[in-house]
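The values are calculated or read from the model by the stated rules, or taken from the named source; none is laboratory data. For clarity, every value in this text was computed on a predicted model and none was experimentally measured. Please note: Cβ atoms are built from the backbone with ideal geometry, for glycine as well, and neighbour counts cover all protein chains shown.
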Amino acid sequence: MRRLFILAASLILALFAGAGLLAALNSRNSSPAYYVDYDKGDDANSGRSRDSAWKHAPGDARAQGRAAKTTLRPGDQVIFAAGVRYRSSITPRANGTTDEPIVFSGEAGRPAVVDGSDPAAEVRRCRSRSECGNAAQWQRLSRITFRQPLGENAALFTNQGPLYPAQWPNPADFFYRDEEENFFTTDGTRLGEGVAELPNAAAKAISGAGNATLALWVKPNRVVYRPVTRLEGNHARFDPAKLQFYTDRPSRLALRGHPNLIDQPKEFAILPDRRTAVAWLPGGTTGISAASGRQGFDLSGSSNIVIRNLTFENMADDGHRVRSGIAIGSRDLGASGIRIEKNRFANMVMPLGQGVIDLMNARDVAIDANAIDGISLGSGIRISGRSGNIRVTNNALSKIGRTGIMLMGTDGAVVTGNVIEDVRGVHGNGFSAYSNSRNIEFAFNTVTNAKQAATLRKSENIRIANNFLSGTSGAIGVLVSWGNNRNLTVSRNIIFGGRNALRLSSHDVGVEISANIIDGWVTTGGTSSGWEVHGNAFTRLSHQQKRQVDGGWQAESLRAVVASLGNGRPPAAICNVINRPGAVANDRRGGRIGARLACE
């Protein structure tokens, strides 16, 4: 009898133990999912289903109730409602694990949007000139009012993308409005005294009530903004403190922001009350909103976080605070184990030049298969500080105002399979490594229509291989070294366009250039020594190469072939060069070139 009792007790204990193990396994395999619906949710809800969604995500400073009290743990998921705009900012301060990261994702269906802007309170056509800033074009304009005062550098957006501050002279392309070739030429000496001499018509346009700003081209090749403090005839006065102007060539400036400067669709001006704007809205405009610095995700202090399948739109920095307006970023505290994948970033204005993905002191990061489009004045992806073990792969970047992919002080990064197009702004580079970056590989990327497709400065152990790099006709170079790089390998690339496609510095050390197709090459600062150069083909020779009669340079008839390249398989003449012996081993698929071309 006693044996039967012991056996029964053992079976009961085993059943309880098994049930506990099963519960633990089920708990691990069904990690909590929290639902967020900014339009219909309530922070007092449980957050555990679509019908009981929160308004705010955990980590949002505006969260209340259960949403505010919830601490995210390894394996948790936060799912944002499809077709809803989340108009707030999230700082998770949470840690997943490598096996069980914390995931922020968009629900399937229509895009779940993290929106950096707030909608206007009222939009209507102007009824009189006086209520619309005495603008000359008032009958074509709309009056837009906001609930909160607009910042000095507020950006306005519509369903069709951003509006732009009214500007004189009109830029050739609003998106690239800070290009100095769009500006008016003037005397740099007078600018140094705080006086901008304007044509009579321009001075008259800003003489009425309203705010006017000067966009000034200053050393070293940048554009800064200064408000007009007063107007004396055709002299606009401003504070020139800490600015250095060009005096060895014509200086340049533009006027911005005054209602009387509005003379075409998509232009706006903010009135002195800071709550009202007037704009010439393009046809079909709906959903006007304003942004002035709100961030999307601040990952500082977090680890093992995944951000996936979200759309980020209508964000803008405020023109003053570094790190404002970034879609996904980290600051001094850094972040680790971060995956940013399959997201879309569009319609952003970043006057400070920051990236929409801008990570400082980040380690073990994978940025994969994202689409980044329409980043006015700003960059796509920027990695800085004590960052390392970074992978930037298979992203598509287009219409980027500054640099597509920037590495600064990064130790260990692979940048591969990315497509970067239309990068023509001030300091417009496809990809770059600066500030003691080291152990970096740029491979199988395609960069087209860039002011400079790739730039390097003061970095070490850099490998640039199997890329297709194409620059604008006026580019100073397509692949450019600004000097002081060590152990630089450039192999199996097509480098095409610009005044001279390859522009290196004699201060670079340990350089190997092999099996490339190059549209002209110059070396600045004198002749180089100790470099290994072999197996390259030149589609044209630079003036420097032509003078170097002992260099053995010869132009091959490949220029028209390269200029006409599309996607797919390039002709044999191209592949024969790429497949020559070089410093970098051939790709196992037979010599890929960039993200879109492959030899058999």
- Given the residues 586, 567, which is the only one that is surrounded by 14 or more Cβ atoms within 10 Å (Cβ to Cβ), in the same structural domain as residue 418 (by TED's automatic domain parsing), of a type in the set (S, T, N, Q) and at pLDDT below 95? 586
- Query: Considering only the range 147-161, how many residues are farther than 19 Å from residue 213 by Cβ and of a type in the set (A, V, I, L, M, F, W, C)?
  - Reply: 1
- Message: Just to be sure I understand, how many residues within the range 334-359 are basic (Lys, Arg) and closer than 9 Å to residue 312 by Cβ?
- Response: 1
- In the range 387-438, anything at negative phi and part of a loop (DSSP other than H, G, I, E, B) is listed as 387, 395, 401, 402, 410, 418, 424, 425, 426, 428, 437
- So which pairs qualify, if the first residue must be in the range 102-116 and within 7 Å of residue 82 (Cα to Cα), the second must be modelled with pLDDT under 95 and not in a loop (DSSP other than H, G, I, E, B), the Cβ gap must be under 6 Å, and the two must be at least 6 apart or on different chains? none
- Query: residue 68 passes all but one of (1) in contact with a strand residue (DSSP E or B) (Cβ under 9 Å, 6 or more places away or on another chain); (2) within 23 Å of residue 331 (Cβ to Cβ); (3) among the hydrophobic types (A, V, I, L, M, F, W, C); which number fails?
  - Reply: (1)
- residue 241 fails exactly one of the following numbered conditions: (1) surrounded by fewer than 16 Cβ atoms within 10 Å (Cβ to Cβ); (2) of a type in the set (Gly, Ala, Ser); (3) farther than 30 Å from residue 57 by Cβ; (4) within 29 Å of the chain's Cα centre (by Cα). What is the number of that condition? (4)
- Note on the structure: Just one listed residue, out of 287, 301, is surrounded by fewer than 22 Cβ atoms within 10 Å (Cβ to Cβ), among the small types (Gly, Ala, Ser), over 19 Å from residue 202 (Cα atoms) and modelled with pLDDT under 95, and it is 287
- Message: Can you go through 490, 522, 533 and tell me which one is within 29 Å of residue 408 (Cβ to Cβ), touching a helix residue (DSSP H, G or I) at 6+ places or on another chain (Cβ under 6 Å) and outside any helix (DSSP H, G or I)?
- Response: 522
- Task: Mind listing just one residue for me: the one in the range 174-206 that is polar (S, T, N, Q) and under 33 Å from the mean Cα position of the chain (by Cα) and, of those, surrounded by the fewest Cβ atoms within 10 Å (Cβ to Cβ)?
- Result: 185
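Go through 227, 165, 171 for me and flag whichever is touching a strand residue (DSSP E or B) at 6+ places or on another chain (Cβ under 9 Å), under 28 Å from residue 348 (Cβ atoms) and buried (at least 19 other Cβ atoms within 10 Å of the Cβ).
On the way: 227 fails: buried (at least 19 other Cβ atoms within 10 Å of the Cβ); 171 fails: buried (at least 19 other Cβ atoms within 10 Å of the Cβ).
Of 227, 165, 171, the one residue that is touching a strand residue (DSSP E or B) at 6+ places or on another chain (Cβ under 9 Å), under 28 Å from residue 348 (Cβ atoms) and buried (at least 19 other Cβ atoms within 10 Å of the Cβ) is 165.
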- In the range 57-76, which residues are under 18 Å from residue 296 (Cβ atoms) and not acidic (Asp, Glu)? 57, 58, 59, 61, 62, 63, 67, 72
- Query: List the pairs whose first member sits in the range 50-62 and is on the phi > 0 side of the Ramachandran plot, whose second member is surrounded by fewer than 23 Cβ atoms within 10 Å (Cβ to Cβ) and charged (D, E, K, R), and whose Cβ atoms are under 8 Å apart, counting only residues at least 6 apart or on separate chains?
  - Reply: 59/93
- List every residue pair whose Cβ atoms lie under 8 Å apart, where the two residues are 6 or more positions apart in sequence or sit on different chains, the first residue falls within the range 239-250 and is within 12 Å of residue 193 (Cβ to Cβ), and the second residue, located anywhere, is crowded, with 16+ Cβ neighbours inside 10 Å and of a type in the set (A, V, I, L, M, F, W, C). 240/191; 243/191; 243/216; 243/218; 245/191; 245/216; 245/218
- Task: Inspect all residues belonging to the range 134-150 and state whether any of them is more than 18 Å from residue 273 (Cα to Cα), out of contact with any Gly (no Cβ under 9 Å at 6 or more places or on another chain), not in a helix (DSSP H, G or I) and not polar (S, T, N, Q).
- Result: yes
- Using the structure shown, decide if residue 133 is loosely packed, with under 15 Cβ neighbours inside 10 Å, on the phi > 0 side of the Ramachandran plot and in contact (Cβ under 8 Å) with a residue 12 or more places away in the chain. no
- Just name the residue that is surrounded by the fewest Cβ atoms within 10 Å (Cβ to Cβ) out of those in the range 320-349 that are among the aliphatic types (A, V, I, L, M) and at pLDDT below 95. 322
- Which numbered condition residue 317 misses (of (1) under 19 Å from residue 119 (Cα atoms); (2) surrounded by fewer than 17 Cβ atoms within 10 Å (Cβ to Cβ)): (2)
